[in-house]
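Each reported figure results from applying straightforward, stated rules to the coordinates on display, with no laboratory input. Nothing here was measured: the structure is a model prediction, and the numbers come from that model. With ideal geometry, Cβ positions are generated from the backbone for all residues, glycine too; neighbour counts draw on all protein chains shown.
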Amino acid sequence: MILQALKEYYDRKAADPESGIAPEGWEWKEIPFVVVLNAKGNLVQIEDTREGEGKKKRAKRFLVPQGVKKTSGIAANLLWDAADYVFGIMNTDGLDSEKVEKATIRAPEQKKAFIKRIKDELPETDRTKAILSFLSTIERTTLERISVWRDIYEDSPLLSFRFDDEQGLFCRSKEVLVALSEKSRKRQANGICLISGTTDRISELHTAIKGVNGAQTSGANIVSFNLEAFCSFGKKQGLNAPIGETAMFAYTTALNTLLSRDSTQRLQVGDASTIFWSARKTSFESDFAFFFKEPEKDDPDVGTRRIRNLFKSPKTGAYLDDDSEGKFYILGLSPNAARISVRFWEVGTIDEFAGRIRQYFEDLRIVKPSNEPEFYSLWRLLVNIAIQDKSDNIPPNLAGDFMHSILGGTPYPQTLLPSALRRIRSDCQATSGTDPLATRTSDPLLDY
């Protein structure tokens with residue numbers, strides 16, 4: 001159900017030319033540096049696409065061929081990759097002699113893999129010959145004369161190519177598009193996809209999911225079979241739960257899009273990275289995060305306005321102009337070693353969720369000083385029961401359980417009260433040195 005809903009979301013976005021979601025076989029990637037060549041393959045310059053200052057620098061995003069899943073082995077992307085793959089040079093500063101020796105052996109092999117990928121997947125044209133000529137002849141002494149080389153050498157950022165008579169990257173040129181389209185067309189089906197029900201080539205390795213707070217920076221998976229104990233009937237990896245290449249691309253792209261740092265359809269609830277979407281484009285989808293997150297500094301009343309719309313919806317029959325019976329999905333994900341665990345999964349109509357969230361705010365109504373916000377954010381409530389007012393001290397399961405209670409319209413988790421009492425005890429001990437609960441029974445739940 002989760003993967004099907006994510007595929008439907010991808011299909012919805014792909015049908016909208018304004019959405020900008022990556023088409024099948026492609027992905028958006030921040031490429032800090034672009035190698036500019038002339039028609040003969042000579043280096044013209046290396047462009048720095050980054051903007052901003054210091055650690056806030058961000059590279060420009062480009063649409064590039066979908067990357068391979070990186071492991072401890074060597075696997076190259078097509079026409080873009082880390083600098084050590086492109087140049088075959090690895091930063092060895094500060095490494096011991098053993099690691100330097102390994103890097104010296106590995107870096108040239110990475111470059112060979114990068115060149116081989118181009119030769120294997122692209123036709124032999126003047127432009128591909130020019131790139132291959134550059135890769136074969138470029139020398140480190142030439143690179144060291146470029147002003148941005150030190151940044152490239154130290155961090156091994158992503159690079160790609162363009163020619164000086166074109167504006168876009170070469171990987172988006174017509175000849176590359178035709179070659180990759182032809183390769184996709186020749187893909188042989190070998191099974192029935194569990195998501196779409198159609199015949200397709202079954203994906204053995206699924207694209208990594210990035211953006212889950214606390215998970216590996218290289219990404220993790222929801223669907224994976226990386227140990228023999230997880231496999232059945234002699235099948236390997238993804239063949240145990242057959243999902244076609246098309247559906248795999250759709251659900252992973254949808255997840256990575258929703259989890260991206262620029263996404264407005266995600267919020268952090270404790271250790272759960274929470275994403276949400278509707279079956280069709282709705283105002284509820286756009287406003288959902290404002291019901292729970294801390295008010296913005298630039299416009300602290302923006303969340304309050306959204307919540308007031310919730311209280312108007314019973315009078316109007318819908319949330320703003322939305323279809324009250326439209327489907328809405330909420331998915332909470334948390335890290336679990338190399339995998340991602342589903343903390344909660346809620347499916348309902350916009351009307352159902354609007355009603356439950358409205359009831360949540362109604363239950364919290366109290367008389368407040370004039371300088372207090374009209375509605376408290378979920379984060380504000382949780383951090384106030386955390387010791388020292390630190391979000392890091394929010395009990396890891398409590399946030400997800402609390403969110404699950406709000407969305408499901410069920411009683412608050414039993415762990416909420418003991419957490420609040422621990423916070424009270426901590427504050428009293430810090431200010432007076434006494435424990436207000438010391439004379440009571442060992443179980444505070446029996447005293448309140």
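Sorted largest first, the spans of the alpha carbon positions of segment 61-148 along the three principal axes are 42, 32, 26 Å.
Mind listing which trypsin sites (Lys or Arg not before Pro) in segment 122-178 are in a DSSP loop and have 16 or fewer other Cβ atoms within 10 Å? When the trypsin sites (Lys or Arg not before Pro) of segment 122-178 are filtered for loop state and at most 16 Cβ neighbours within 10 Å, ARG145 remain. Semi-axes of the equivalent ellipsoid of segment 31-185 are 24, 19, 16 Å, computed as sqrt(5λ) over the eigenvalues of the C-alpha gyration tensor in descending order. Under the combined filter of DSSP loop state and at most 12 neighbouring Cβ atoms within 10 Å, segment 104-159 retains these GluC sites (Glu not before Pro): GLU124, GLU139, GLU144. Taking every alpha-carbon pair under 8 Å whose residues sit at least 6 apart, segment 31-185 reaches a relative contact order of 33 percent. Each peptide among 179-191, 322-334, 220-232 gets the average number of other Cβ atoms lying within 10 Å of its residues, and from highest to lowest they stand as 322-334, 220-232, 179-191. Using all pairs of distinct alpha-carbon atoms, the Kirkwood hydrodynamic radius of the chain works out to 25.5 angstrom.
Note on segment 155-299: Rg/Rh from Cα positions, Kirkwood definition for Rh, rounded to two decimals, is 1.04. How high is the relative contact order of the chain, given as a whole-number percent (alpha carbon pairs under 8 Å, six or more residues apart)? RCO, the chain: 12 percent. By the Stokes-Einstein formula, at 1.002 mPa s and 20 °C, segment 264-413 with its Kirkwood radius over alpha-carbon pairs has D equal to 134 µm²/s. One quarter of the convex hull surface built on the alpha carbon atoms of segment 172-229 amounts to 6.6 nm², the projected area averaged over directions. For the options ILE275, ILE46, ILE105, a Gaussian network treatment of the chain with springs between C-alpha atoms closer than 10 Å singles out ILE105 as fluctuating the most. With the gyration tensor restricted to C-alpha atoms of segment 93-228, the semi-axes of the equivalent ellipsoid amount to 33, 26, 15 Å, longest first.
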